[in-house]
1. Could you tell me the relative contact order of the chain? Use alpha-carbon pairs under 8 Å, at least six residues apart, and round to a whole percent.
2. So between residue 13 and residue 81, what do we pick up on full extension, going 0.36 nm a residue minus the alpha carbon distance?
3. Excluding residue 41 itself, calculate the net charge of residues whose Cβ lies under 15 Å from the Cβ of residue 41, where each Lys or Arg counts +1 and each Asp or Glu counts -1.
4. With runs of 4+ DSSP H residues as the only contributors, calculate the mean residue ellipticity of the chain at 222 nm using -39,500 (n - 2.57) per run, divided by the residue total and rounded to the nearest 500.
Amino acid sequence: MPTLSEFFGLKVCMYREDGSSHHFPHVHVYYAEADAVVRIPDGEVIEADDGFPKSKMRLAQVWIDLHAAELMENWRLIGSDMKYFKIAPLDVR
């Protein structure tokens, strides 16, 4: 699964699941043992483990909002079996 970015212990990945319930643009966000599926470009949480910290989810959603256009382009590229690109991590400085 392509990893697009990593920051603050979060790992953001993307892969296409054509024909599944996740046919809409989304990313998989991992933190420690927890994972979530978050829709792009709006950041709506579709699925999340109970143990996924709300503060970490908020960081992921802010990052998704900041990089929505890049995420949508990667969705298109991955769906066309083309090379995806990495996206800058969240920087709070």
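1. 25 percent
2. Full extension from residue 13 to residue 81 adds 22.9 nm.
3. Residues close to residue 41 contribute a combined charge of -3.
4. Computed mean residue ellipticity for the chain: -8500 deg cm²/dmol.
Every number in this text was worked out from the coordinates using simple rules, so none of it is lab data. The model shown is predicted, which means the values in this text are computed figures rather than measured ones. Note that each Cβ is placed from the backbone with ideal geometry, even for glycine, and that neighbours are counted across all protein chains shown.
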